[in-house]
Each structure stands twice: as C-alpha cells, then as structure tokens.
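For reference, the structure is listed below as structure tokens.
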Amino acid sequence: MARKNKNNDKLLTVQRRLVAHNSPKSPSAEQYRTIRTNIQFSTLEEDIQTIVMTSSGPGEGKSTTAANLAIVYAQQGKKVLLVDSDLRKPTVHYSFRLENYVGFTNVLTKQETLLNAVKKTDVPDLFVLTSGPIPPNPSELLASGYMNEVLEQMKAEFDFIIFDTPPTLAVTDSQILSNKADGTILVVSSGKTNMDAAKKAKGLLSNSKGRLLGVILNNRKMDNDSQYYYYYGTN
C-alpha cells in the first residue's frame, strides 16, 4: 500500500507540473499563455524560434516553466520541440513520463538521428528530445560545431524550440546555448532566489552575447488568491 501511495503522489506531482495541459482553464495555465503572448509582442521585428530557459540556481522552477510554455505554444497550433539540454541532471523525461535511453547526447555524438531520437507526447504537436545518457563532457558537446548543425535541423523540422538548460551559475551550458538561440529567459523564484545571484546570472548571460528576453518571477503568491502565478517582464 505504501508503494502504491508513493506512486500516486508522483503521478499527482507530474500532473501539477503540466498544469497547462491537465488544467488548461486554471489561472496558472492562463499565466503561461500570458507569458507566450508577452514573448511574441517583445519581438515584433523578428520571429523567435529558439529559446533557452535557465535560472540562477537549482529548484527555481525553470524546468516546470519550460514544459508548460512548450505546451501553450503547442496549443496554439505550432509544432514544438522541448529539448532537455540539462545533460547533468535531466528531468524532462520524468515530467512527460518518457524513456530516456536515447536522446540529445546520442544525437550530438552522431549515434542517432534527430528525428529518430525525438519522442511524441500526449500533448498534440508537442515533441520532446530527452537528454539521453549523461556524458562526461556536456559543455564540449554543446559548444561543438555539430551542435550548430543539429540546431539547424531542429529549426527546419519544428516551428518553436525550447531548451531546458542547467542553472547559469552552476555551469557554462546555458551561456553556450544562449549564444546560439534567438532569446533567453531567466526564471527566478519569489522568496528563494538571491538578488545578487540573479544579477550575476543576468550578467553572465549578457557576457555570452545572448539575447535576454526577460525574467519570469515564479511562485509569487497573490494576497487575494491561493494560486501561484507566473509573471513575465522584459529586460
């Protein structure tokens, strides 16, 4: 019985993470759609096709935000690819209950093609490229010339691509991808993220010549509601 309850708890946690899919009419799902709209209006002069999602440190909600943002873009009718490019502590396969034997690292090491590694999800038009086996050299793989080729393949096959990357202050992976993507979003958690850490992360992303589209404030509790909302603010 204890194991069954534990499995049920895990399932409920996954369902809460994917609120834009499981509870599309909820206030939280509406906030993700607001983020989508703000991204679109912040870049009227050019189309944004690739976005890096990162945070200053762990546990600030960037993976949950990336997953739900991918869902609301797919709900708009776009063919979306969510890439788990956290090649150190991947989590996307847990959120979507997918196997992770083959994924991004297999593609980057030319062991598998992109289209063969990509997985369908229960969300129409949303596809996931899980991390694959954890490599000994994540930064080198992401900075490789072949990564540029893979990125062009992704852009040819999908309308919108989101990269879920490791925290910026921990490793250089998000800075490497930020330099390659059309834009980057920094996720901070209300009451948890240290202001100095957030400023340092912003500075590192700017130094990498990445385009910071804005910051999402996560876990901000409203005084008149028990829901937790997500806000988007341009830089």
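The values are calculated or read from the model by the stated rules, or taken from the named source; none is laboratory data. Since this is a predicted model, take the numbers as computed values, not measurements. Cβ: placed from backbone, ideal geometry, glycine included. Neighbour counts: every protein chain shown. Heavy atoms of the whole protein, side chains included, go into the accessibility calculation; ligands, DNA and RNA do not. Shrake-Rupley method; radii C 1.70, N 1.55, O 1.52, S 1.80 Å.
Given Cα positions, please report Rg to Rh for the stretch 57-98, the hydrodynamic radius being the Kirkwood one. We get a ratio of 0.98 for the stretch 57-98. For LYS79, the aspartates and glutamates whose Cα comes closer than 18 Å to its Cα, not counting residues fewer than 8 places off in the same chain, are ASP47, ASP122, ASP125, GLU152, GLU157, ASP159, ASP164, ASP182.
Rolling a 1.4 angstrom probe over the stretch 55-155 with all protein chains present gives an accessible area of which 51% lies on carbon and sulfur atoms.
The residue among SER190, ALA70, MET154 whose Cα reaches farthest toward the positive pole of the charge dipole of the stretch 52-210, with charges on the beta-carbon of Lys, Arg, Asp and Glu, is SER190. With N counted as the residues of the stretch 34-113, its alpha-carbon radius of gyration over 2.2 N^0.38 Å works out to 1.22.
Kirkwood radius and radius of gyration were both taken over the C-alpha atoms of the stretch 91-198, and their ratio Rg/Rh is 0.97.
Taking a straight Cα-Cα cut-off under 19 Å and skipping sequence neighbours fewer than 8 places away in the same chain, the aspartates and glutamates within cross-link reach of LYS200 are GLU60, ASP173.
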